[in-house]
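S.K.: Here you go, one structure.
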């Protein structure tokens, strides 16, 4: 750990050199995103810095003191230099446009980014049209649920109230955490209904550390490959009175069981049966597609106890459809940040602050947001194919074990794997 911390200075120096070279060649991040990076970089230098966490965890005063010495002598100066470089040199030269197309060769960059993340290559116009189509279907589901359980509401009116009306929101940060902990326990109990193979590693839930709590919207950190260290789901608990109960469970299932933790821990625990690349390398089309598929799978398993939780699940599905619309809109169709925010607000129950953070993420990370829905639709297509061809021989547990049993594949490789499995199951029959 001390060696890694000492090497941070070399890493940051290299990053600064690369950013300078990018500016010289006309490439930059959007100016909009740079102040957040400056703020979060400087937050790393506080006493609560995650870079000091190993010293706090180790129960070894000598190591903690040595870590603090390296932090103060080597890390603090270089991180300050990085933040100062961004503030004094980079910010004013960063591009005004939020679209990646504003960079040199930007029109080629967006489809390349889509293929990199999703491992398939629909065009921007196809992505946009698919998002609108999916949104229409999800809104139809929402309308049916609202008519049955929220009389007098429209989709837009309910989405607006879910994050402001006290009957739909939390009271305290602890309430947010407790709600998710209870649901995690319920999810664990149902996993054997849908999977033959389950990971050794457990998963735990923690609130975001202070330096991340302003921008984090929920994320998973992997377990160890031997299962001895649990995965961690970092949960957003800030502004509980503006955080809807509706959105909590679908995000939980996305990040833990049956989503990222289940898939990622199984991959790590496959050992020498598969290539290290598919154990350790995250593939967005497959991994995020699986996690979004898991939100729907949780509904099949009865893990949304009430209509408010189910409307939250549909809201999150709508958000992933909206990503297809706004990501392609921002980077290929001239959408403004405000238009993207308005579209998300009209179609999802996400808190306003989370929506703004999400839109800023899409601006900074072209193409990645499409991988969720594109991946889920491909996994769902493969399941439908298997159900159709196998009929009564279709086994949901066996299908899921096949999807997860080879690690993090590209979507075309997954399709080949499922086709082979369907053929083998047909012959066995």
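Nothing in this text is a laboratory measurement; each read-out follows from the coordinates by a stated rule. Note that the coordinates shown come from a computational prediction; the quantities given were computed from them, not determined experimentally. Note that we place each Cβ from the backbone using ideal geometry, even for glycine, and neighbour counts take in every protein chain shown.
S.K.: If you fit an axis through the alpha-carbon atoms of helix 173-190 and take the longest principal axis of the Cα set of the chain, what angle between them do you get, 0 to 90°, nearest 10?
M.R.: Long axis of 173-190 versus the principal axis of the chain: about 40 degrees.
S.K.: Relative to the longest principal axis of the C-alpha atoms of the chain, give the angle of the C-alpha long axis of helix 352-364, reported between 0 and 90° and rounded to the nearest 10°.
M.R.: So the inclination is approximately 70 degrees.
S.K.: Related question: Given the options 59, 316, 401, state which has the largest fluctuation in a GNM of the chain using a 10 Å cut-off (strictly under) for Cα springs.
M.R.: Judging by the Gaussian network model, the answer is 59.
S.K.: In angstroms, what radius of gyration and Dmax does the range 214-353 have, counting Cα atoms only?
M.R.: Reported Rg and Dmax, both Å: 16.6, 49.
S.K.: Label points 7 Å out from Cα along the Cβ direction at residue 143 and residue 47: separation in nm?
M.R.: 5.7 nm
S.K.: Pick from 161, 337, 389 the residue whose mean-square fluctuation is largest in a GNM of the chain, springs joining Cα atoms under 10 Å.
M.R.: Highest fluctuation among the options: 389.
S.K.: While we're looking at this one, here's another question. With a Cα-only, solvent-free Debye model of the range 1-160, what are the log10 I(q)/I(0) values at q = 0.11, 0.19 Å⁻¹?
M.R.: Per q value, in the given order, log10 I(q)/I(0) is -0.76, -1.11.
S.K.: Pairs of Cα atoms under 8 Å, at least six residues apart: use those to get the relative contact order of the chain, whole percent.
M.R.: 20 percent
S.K.: Want the number for residue 17 to residue 394: 0.36 nm per residue separation, take away the alpha-carbon distance, what's left?
M.R.: 130.2 nm
S.K.: Using only the alpha-carbon atoms, what does the range 316-429 span along each of its principal axes? Please give whole angstrom values in decreasing order.
M.R.: 55, 24, 22
S.K.: Also: In the calculated pair distance distribution of the range 2-96, what percentage of Cα-Cα distances lie above 20 Å?
M.R.: 42 percent
S.K.: Hey, another quick one. Take the Cα atoms of the range 373-428, build their convex hull, and give its volume per residue in Å³.
M.R.: Spelled out: Cα convex hull of the range 373-428, divided by residues, is 71 Å³.
S.K.: Considering the alpha-carbon set of the range 233-289 alone, what are its Rg and its Dmax in angstrom?
M.R.: Answer for the range 233-289, Rg first and Dmax second: 14.7, 48 Å.
S.K.: While we're here: When the gyration tensor of the range 175-296 is built from Cα positions, what are the square roots of 5 times its three eigenvalues, in whole Å, from largest to smallest?
M.R.: 25, 16, 13
S.K.: Considering every Cα-Cα pair within the chain, what fraction, in whole percent, is farther apart than 34 Å?
M.R.: Here the tail beyond 34 Å accounts for 36 percent of pairs.
S.K.: How big is the C-alpha Rg of the range 273-347 next to the rule-of-thumb value 2.2 N^0.38 Å, as a ratio?
M.R.: 1.43
S.K.: Something else about it: Explain nothing, just the number: relative contact order of the range 373-428, from Cα pairs under 8 Å at least 6 residues apart, as a whole percent.
M.R.: Here the relative contact order equals 46 percent.
S.K.: Same structure, new question: Report D for the range 123-178 in µm² per second (integer): Stokes-Einstein, Kirkwood Rh on Cα pairs, 25 °C, 0.890 mPa s.
M.R.: Diffusion coefficient, whole number: 180 µm²/s.
S.K.: Could you identify which residue out of 41, 101, 180 has the top mean-square fluctuation in a GNM of the chain using Cα springs shorter than 10 Å?
M.R.: Its mean-square fluctuation being the largest, the pick is 41.
S.K.: Using per-residue counts of other Cβ atoms within 10 Å, averaged over each peptide, order 372-378, 152-158, 341-347 from highest down.
M.R.: 372-378, 341-347, 152-158
S.K.: Just want to confirm a number: the relative contact order over the range 312-397, from Cα pairs under 8 angstrom separated by 6+ residues, in percent.
M.R.: 32 percent.
S.K.: Rounded to the nearest Å, what's the spacing between the alpha carbon centres of the range 93-157 and the range 283-316? Just the number, please.
M.R.: 18 Å
S.K.: Could you tell me how many degrees, from 0 to 90 and to the nearest 10, lie between the Cα long axis of helix 106-118 and the main elongation axis, the longest principal axis, of the Cα atoms of the chain?
M.R.: So the helix axis and the longest Cα principal axis differ by about 60 degrees.
S.K.: If I model a spin label at residue 171 and residue 424 as a point 7 Å from the Cα along the Cα→Cβ vector, what separation in nanometres do I get?
M.R.: Once both label points are built, they end up 5.4 nm from each other.
S.K.: Let me ask something additional. Calculate for the chain the 222 nm mean residue ellipticity that helices alone would give, adding -39,500 (n - 2.57) per DSSP H run of length 4 or more and normalising by residue count, nearest 500 deg cm²/dmol.
M.R.: Roughly -19500 deg cm²/dmol at 222 nm, from the helical runs in the chain.
S.K.: Only counting other Cβ atoms within 10 Å, I'd like 392, 204 sorted with the fewest neighbours first.
M.R.: Fewest-to-most ranking of 392, 204: 392, 204.
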